[in-house]
Amino acid sequence: MSNQVKDRENQAYEHLLQAEVEKKTVKPLTDLYPDMTVDEAYQVQLKAIDQKVKDGQRIVGKKIGLTSLAMQELLGVDQPDYGHLLDSMEVSNNGVITMNRVFQPKVEAEIAFVLHKDLKGPSVTIEDVLDATEYIVPALEIVDSRIVDWRIKLQDTIADNASCGLFVLGDKRFSVTDLDLTKIEMNLYQNGELMNTGYGSAVLGNPAKCVAWLANKLFEYDVILKAGEVILSGALSAAVNAQKGDRFTAEFTHLGKVEATFH
């Protein structure tokens, strides 16, 4: 790695850290560094996560983003991306999220996988994922961005931990062997009003395929999905903007519901 690239990665890391410290959104990295690569963006993300771990936080899982064709087309990409979940990011089911924890939050509903064995690429299959899954639960992901007005390109969201803010897991656990994941239906409500509907097939055709993609992608960075980790497999429908006072409920066929309120 050249010193120029390393300096740019450090500057990008400091740029996003400034947003976090000052609680104020910042210019897109792709405005400041138009030729930043995807790999450099992942290095910025990993640098931030490494520092948070050194500061006492704990990695508890991963998230997969950009699994829908619509979002990929919006950002001009042909593959998903990923970020890390930290213990500080989890909100209990029916919990309250204070607005000072977020910048410009949006809410997505997803299926979360919890693993009982490691998954290591580069040739992980859907069957491998199902075999390694201890259980699934319904989940909300609060996606968030330190980039002003969500003016993101792929490199911006990757560097910003795949725009992951917080996550909420449902209370009831379900075996993957009992369900057809592609046919699970989800209704997302905001203050009791139905905002959108999605199906398991909306994320690369099967949520387990998303987890397989992630395990294989992480092989490039010498990272594995570990037993006990939570994997958010991708949004089943469009994200909905969240404001103070909003209550979000995602109801899934077979999986029940998961809720959170913004205050």
Residues in the stretch 217-253 that are assigned to a loop (DSSP other than H, G, I, E, B), surrounded by fewer than 16 Cβ atoms within 10 Å (Cβ to Cβ) and not small (Gly, Ala, Ser) total 6
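Do we find a residue being of a type in the set (A, V, I, L, M), touching a Lys or Arg at 6+ places or on another chain (Cβ under 7 Å), farther than 23 Å from GLY56 by Cα and not in a strand (DSSP E or B) anywhere in the stretch 121-134?
yes
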Out of VAL5, VAL77, report the one residue that is surrounded by fewer than 18 Cβ atoms within 10 Å (Cβ to Cβ) and under 20 Å from the mean Cα position of the chain (by Cα).
VAL77
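I need the helices (runs of 4 or more DSSP H) fully contained in the stretch 1-75, keeping only those with at least 3 residues that are closer than 30 Å to GLY198 by Cα and out of contact with any helix residue (DSSP H, G or I) (no Cβ under 6 Å at 6 or more places or on another chain). Before the answer, list the steps.
Numbers: elements: 3-22, 29-32, 38-54, 69-75.
It comes to 69-75.
Residue-wise test of (1) surrounded by fewer than 13 Cβ atoms within 10 Å (Cβ to Cβ); (2) touching a residue at least 24 places away in the same chain (Cβ under 8 Å); (3) in contact with a Leu (Cβ under 7 Å, 6 or more places away or on another chain); (4) closer than 23 Å to ALA239 by Cβ.
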| site | (1), (2), (3), (4) |
| --- | --- |
| TYR13 | no, yes, no, no |
| THR30 | no, yes, no, yes |
| PRO34 | yes, no, no, no |
| ASP39 | no, no, no, no |
| ILE49 | no, yes, no, yes |
| ASP55 | yes, no, no, no |
| ILE64 | no, yes, yes, yes |
| TYR82 | no, yes, yes, yes |
| LEU86 | no, yes, no, yes |
If we keep just the residues of the stretch 135-155 that are closer than 16 Å to LYS63 by Cα and charged (D, E, K, R), which is surrounded by the fewest Cβ atoms within 10 Å (Cβ to Cβ)?
ASP144
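What number of residues within the stretch 188-216 are part of a helix (DSSP H, G or I) and either under 15 Å from the mean Cα position of the chain (by Cα) or in contact (Cβ under 8 Å) with a residue 60 or more places away in the chain (or both)? If you could, list the steps in order and put the result at the bottom.
Start the filter on the stretch 188-216 by keeping residues that are part of a helix (DSSP H, G or I), which leaves 200-202, 207-216.
Narrowing the set further to residues that are either under 15 Å from the mean Cα position of the chain (by Cα) or in contact (Cβ under 8 Å) with a residue 60 or more places away in the chain (or both) leaves 200, 202, 207-216.
Looking only at that region, the number is 12.
Looking at this structure, is ARG101 surrounded by fewer than 22 Cβ atoms within 10 Å (Cβ to Cβ), without any contact (Cβ under 8 Å) to a residue 60 or more places away in the chain and among the basic types (Lys, Arg)?
Details: surrounded by fewer than 22 Cβ atoms within 10 Å (Cβ to Cβ): yes; without any contact (Cβ under 8 Å) to a residue 60 or more places away in the chain: no; among the basic types (Lys, Arg): yes.
Criteria not met by ARG101.
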Per the filter on the stretch 254-263, residues surrounded by fewer than 20 Cβ atoms within 10 Å (Cβ to Cβ) and outside any loop (DSSP other than H, G, I, E, B) are GLY256, LYS257, GLU259, THR261, PHE262
May I ask you to list pairs of residues, at least six apart or on different chains, whose Cβ atoms are under 8 Å apart, with the first in the stretch 238-263 being under 15 Å from VAL168 (Cα atoms) and the second being part of a loop (DSSP other than H, G, I, E, B) and among the basic types (Lys, Arg)?
LEU255/LYS172; GLY256/LYS172; PHE262/LYS244
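Only residues that are farther than 17 Å from LYS52 by Cβ, of a type outside the set (Val, Ile, Thr) and surrounded by 13 or more Cβ atoms within 10 Å (Cβ to Cβ): list them for the stretch 15-28, please.
So in the stretch 15-28, the residues farther than 17 Å from LYS52 by Cβ come out as 22, 24-28.
Those still in the list that are of a type outside the set (Val, Ile, Thr) too: 22, 24, 27-28.
Residues satisfying the conditions are LYS27, PRO28.
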Those residues of the stretch 140-168 which are within 25 Å of ASN93 (Cα to Cα) and either aromatic (Phe, Trp, Tyr) or part of a strand (DSSP E or B) (or both) amount to LEU140, GLU141, ILE142, VAL143, CYS164, GLY165, LEU166, PHE167, VAL168
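Values in this text are rule-based calculations from the coordinates and carry no lab data. Keep in mind that this is a model prediction, so the values were computed, not measured. Reconstructed Cβ throughout: ideal geometry from the backbone, glycine too, with neighbour counts over all protein chains shown.
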